[in-house]
Amino acid sequence: MPQPPLPFTDAELADAFPGRQLAVPPLGRGSFKVAYFADDTTQSVVKVLTDPLPSDVDGTEVDPSLLPERFAREVRAMQLADSPHLVKILVEPRAVQIGANRYVAYEEPFYGGGTLADRLRNGAMTEAEAGDVIVALLRAVRELWRNDIVHRDIKPGNIVFSADGTPVLIDPGISLHVGLDDLTDSSHISPMTPGYSAPEQHEARRYARIDFRTDHFLVGVVGYFALTGKHPILEAGMDRNEYIVKLLSFDRIDVSALLCSAELRLVLGRLLAPKPNRRFRTTAEPLEILGVT
């Protein structure tokens with residue numbers, strides 16, 4: 001189903017950012033925001049929430065209570081976690097007059113190397129390339145958990161590459177923040193991307209143990225896919241129900257035939273364990289096995 005037209009014109013957008021060169025059409029559009037490449041000295045991405053602020057809002061400061069909860073958590077994760085492998089905010093959310101209404105806008109870095117999904121369309125990566133992605137994601141997960149955050153949506157489309165080839169994890173919009181109310185009722189399952197989900201994400205939240213080990217499983221899925229060009233669980237022709245049944249019933253992923261080092265096989269096998277208590281107890285463990293910190 002096509003999305004409705006944007007609530008402002010290209011001319012109104014240009015007037016709202018004088019002196020900036022926001023390229024149109026936009027880089028992309030999600031359910032509640034649109035992204036533009038700033039083709040100027042900043043080389044950043046300007047993102048605008050497409051729902052206008054209340055008419056009584058003036059000035060540039062934005063009351064956090066006015067932000068969509070998913071977006072507020074995305075911003076919080078980007079503010080707290082600090083790693084070269086995690087997206088950061090360049091310009092904090094602010095109110096901008098665009099046409100007749102005020103909207104929330106903020107800026108992130110532009111990553112010109114494309115996404116991991118783009119790269120995997122051409123087939124599997126080399127062992128060295130896949131290893132770099134796995135290490136980067138583990139470091140990102142470690143930093144998130146240091147701030148009591150679980151990403152929950154680690155997938156090829158959410159992994160981008162900087163100009164120098166550094167993998168960066170983006171879009172923590174459905175992240176779990178320990179100590180904050182969850183995005184879903186405790187009787188519901190966690191928000192997720194089904195094809196890149198851990199078994200425990202399919203349990204009701206009141207029973208599910210979601211922590212850094214959930215992200216470990218997702219790193220394992222992505223790493224296996226990067227190394228082999230195949231999903232470790234999802235098979236060709238499988239429908240969603242068949243996939244979920246297999247995800248919730250498998251005992252182990254056979255990594256013995258993977259064409260990589262014994263260390264990488266060991267790490268992938270443990271990351272992809274079906275139960276959290278069979279995965280690594282810390283993120284330092286797999287990094288140490290791979291010979292990095």
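Each reported figure results from applying straightforward, stated rules to the coordinates on display, with no laboratory input. A quick note: this is a predicted structure, and the numbers were derived from the prediction, not measured. Because the Cβ atoms are built from the backbone with ideal geometry, glycine has one as well, and the counts that use them run over all protein chains shown.
Assorted remarks:
- Cross-link partners for K88 among the lysines, with Cα-Cα distance under 28 Å and sequence neighbours closer than 8 places in the same chain left out: K33, K47, K155.
- Theoretical gain in end-to-end length, D10 to D82 [0.36 nm per residue, Cα-Cα removed]: 22.5 nm
- Looking at the chain alone, DSSP beta bridges between its own residues are antiparallel in about 95 percent of cases.
- Fewest-first ranking of E235, E200, using other Cβ atoms within 10 Å as the exposure measure: E235, E200
- Using 0.36 nm per residue and subtracting the Cα-Cα separation, the extra length available between T126 and E69 on full extension is 16.6 nm.
- Placing unit charges on each Cβ (+1 for Lys and Arg, -1 for Asp and Glu) gives the chain a dipole about its Cα centre, and among P167, G114, A236 the Cα reaching farthest toward its positive end belongs to A236.
- Between D58 and Q43, the modelled labels are 4.0 nm apart [label points 7 Å from Cα along Cα→Cβ].
- All C-alpha to C-alpha distances of the chain, sorted into 10 Å bins beginning at zero, yield P(r) values of 6, 26, 32, 22, 10, 2, 0 percent in whole numbers.
- The chain: calculated mean residue ellipticity at 222 nm from DSSP helix runs of at least 4, using -39500 (n - 2.57): -9000 deg cm²/dmol
- Counting every other Cβ atom within 10 Å of each residue's Cβ, S175, S83, S261 order from fewest to most as S261, S83, S175.
- Extension reserve of the R146-E288 stretch, reckoned as 0.36 nm per residue once the Cα distance is removed: 49.4 nm
- Neighbour cut-off at most 15 other Cβ (10 Å), DSSP loop, chymotrypsin sites (Phe, Trp or Tyr not before Pro), region 1-100: F32
- Unit charges at the beta carbon, dipole of the chain: most positive-side option, H177, L49, P2: H177
- Dipole magnitude (debye, nearest 20) for region 10-109, charges at Cβ of Lys, Arg, Asp, Glu: 320
- Sparse-neighbour loop sites [trypsin sites (Lys or Arg not before Pro); region 194-245; at most 13 other C-beta within 10 Å; DSSP]: R206, R209, K230
- Spin-label model, L27/L248: points 7 Å from Cα along the beta carbon direction are separated by 3.8 nm.
- With R₀ fixed at 45 Å, the C-beta to C-beta distance from I89 to M238 puts the FRET efficiency at about 0.75.
- Annotation for region 199-283: chymotrypsin sites (Phe, Trp or Tyr not before Pro) lying in DSSP loop with at most 12 further Cβ atoms inside 10 Å of their Cβ are Y207.
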